[in-house]
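First the structure, in the form of structure tokens, and then the observations on it.
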Amino acid sequence: MKNQIFFLSCVVILSGMAACNSNKNPETMEEAKTGIGKASFGIVDGKEVFLYTLTNAKGNQIKITNYGGIMTSWRTLDKNGKRSSILAGFDSLAPYLQQPPYFGALIGRYGNRIAKGKFKIDGIEYTLATNNGVNHLHGGNKGYDKVVWDAAIVNDSTPTLLLSYVSKDGEEGYPGTLKVNVRYTLTSDDELEIEYNAETDKPTIVNLTQHNYYNLSGDVANSIRDHQLMIAADAYTPVDSTLIPTGEIAAVKGTPFDFTTTEKIGARIDQVKGGYDHNWVLNRKGNSLQLAAVLSDSLSGRKLEVYTEEPGLQFYSGNFLDGKFKTSDGKPINLHSALCLETQHFPDSPNEPKFPSTILRPGEKYHTVTKYKVSVE
């Protein structure tokens with residue numbers, strides 16, 4: 001695919017068919033064969049940005065742009081046979097350049113918060129940007145969510161997109177040149193598999209995740225307070241007033257953080273100051289892919305299962321959404337109109353020796369897989 005030329009008005013489907021129509025926006029092109037389409041999406045930092053459409057055998061689609069690895073939509077059928085997106089997102093690049101709160105973005109070099117933007121490796125202290133109050137968040141002022149990634153279509157029978165990026169030594173204050181690639185695969189069973197890989201030439205810290213905002217009803221006018229959630233975790237990491245973990249690993253039993261059995265999100269959210277924005281310590285057995293969470297919505301009948309090799313899951317209930325950003329059909333994305341389920345290592349792990357380590361050294365390989373599966377009940 002390296003030497004192929006893609007015209008701005010053309011969406012190319014890997015089955016060999018090409019749909020070239022300057023009057024059609026790629027977001028509105030519902031009918032596509034199994035494979036991956038590619039369309040121009042804009043220009044960032046002098047580089048052309050593309051929107052890739054992954055379509056499976058059921059006709060369900062995921063759209064991903066190589067700007068920030070952002071997933072702009074995930075269109076699936078509901079119980080009434082209606083197809084709509086379960087993600088809060090936009091059908092053009094412009095809103096993403098206005099820096100919304102990480103809608104659909106690929107997060108790195110370190111997902112979540114690092115206290116006061118400082119950490120040490122082998123006795124050497126490093127200083128990062130404090131872009132979230134006094135703390136560092138999601139890779140800094142220009143994290144992986146704000147760069148243009150290299151993209152390659154690697155499979156045409158099961159739609160697979162590979163994004164690659166070289167993060168230079170010292171970028172945003174992080175040590176070491178980090179070579180990263182992230183592989184997205186959409187299966188015929190409506191599973192999105194995300195495989196993260198990285199290598200470094202100096203000791204560094206790595207914690208990659210995808211920051212999708214889900215509303216399974218397909219309509220942000222419906223509050224996620226009515227969604228049902230199960231998290232396979234008997235413990236969580238309490239936080240201070242700036243959302244940095246205290247270092248304690250606390251039991252969820254008897255608290256509003258207990259989702260070991262399915263609970264309506266709105267049932268106890270008001271008991272948590274500011275809402276849910278916490279890391280759950282998953283009940284892991286070994287290093288294999290295991291069920292971490294199940295989210296469901298009675299309006300649409302949709303269910304989202306989350307499987308991961310990661311030790312933690314950040315459940316964020318959209319506490320800072322304020323209606324500033326609107327979906328492409330003009331609906332404001334308000335408080336609790338979407339939620340995030342981010343698989344991860346724990347926040348501030350570099351400063352908490354008791355937490356699982358996020359240090360990556362030369363010769364080691366960072367590799368982790370997370371899978372999201374959508375179905376209808």
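What follows is calculated from the coordinates using simple rules that are stated; it is not laboratory data. All of these numbers come straight from a predicted model, not from anything done at the bench. FYI the Cβ positions are ideal-geometry reconstructions off the backbone, even for glycines, and counts take in every protein chain you see.
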- Task: Output the pairs from 116/273; 38/63; 58/303; 146/168; 38/331; 116/142 with a Cα-Cα distance over 20 Å in this structure; if there are none, say none.
- Result: 116/273; 38/331
- Any idea what the relative contact order of the stretch 121-182 is, in percent, if you count C-alpha pairs under 8 Å spaced at least 6 apart? 28
- Query: From the Cα gyration tensor of the stretch 211-257, with a ≥ b ≥ c the square roots of its eigenvalues, which class applies: rounded if a/c is under 1.5, or else prolate if a/b is larger than b/c, or else oblate?
  - Reply: prolate
- Calculate the tail of P(r) for the stretch 195-336: the fraction of all Cα-Cα distances greater than 21 Å, expressed in %. 49
- Message: Only sites in a loop by DSSP and with at most 14 other Cβ atoms within 10 Å count here; which trypsin sites (Lys or Arg not before Pro) in the stretch 124-182 make the cut?
- Response: 142, 168
- Item | Charge dipole of the chain about the Cα centre (unit charges at C-beta), most positive-ward option of 124, 317, 95 | 95
- Pull out the extension gain between residue 376 and residue 191, defined as 0.36 nm times the separation in residues minus the alpha carbon to alpha carbon distance; nm, one decimal. 65.3 nm
- Task: Could you rank the peptides 195-208, 63-76 by their average count of other C-beta atoms within 10 Å per residue, with the highest value first?
- Result: 63-76, 195-208
- Query: In debye to the nearest 20, how big a dipole does the chain give about its Cα centre with +1 on each Lys and Arg Cβ and -1 on each Asp and Glu Cβ?
  - Reply: 260
- Task: Provide the gained length on full extension for the span residue 351 to residue 79, in nm with one decimal, where the gain is 0.36 nm per separating residue minus the Cα-Cα distance.
- Result: 93.3 nm
- Item | the stretch 178-242: radius of gyration over Cα atoms, expressed as a fraction of 2.2 N^0.38 Å | 1.60
- Would you grab the residues whose amide H sits under 5 Å from the one on residue 293? Only those 5+ places off in sequence or on another chain, please, with H modelled 1.01 Å from N. 232, 306
- Message: Working only with C-alpha atoms, what are the Rg and Dmax values of the stretch 77-210, expressed in angstrom?
- Response: 17.1, 58
- Note on the structure: In order over the stretch 326-339: 3J(HN,Hα) from phi, Karplus 6.51/-1.76/1.60, θ = phi - 60°, whole Hz, x for each Gly or Pro, gives 10, 5, 5, 9, x, 8, x, 8, 9, 3, 6, 8, 7, 9
- Item | Dipole magnitude of the stretch 305-377, debye to nearest 20 (Cβ charges: Lys/Arg +1, Asp/Glu -1, about Cα centre) | 180
- Gyration tensor verdict on the chain (Cα atoms; rounded if a/c is under 1.5, prolate if a/b is larger than b/c, oblate otherwise): oblate
- Read phi for every residue in the stretch 174-185 and hand back ³J(HN,Hα) as whole Hz from Karplus 6.51 cos²θ - 1.76 cosθ + 1.60, θ = phi - 60°, with x for Gly and Pro. 7, x, x, 7, 10, 9, 10, 9, 10, 10, 10, 10
- Task: Report the calculated FRET efficiency for residue 155 and residue 289 (r = Cβ-Cβ distance, R0 = 22 Å), to the nearest 0.05.
- Result: 0.65
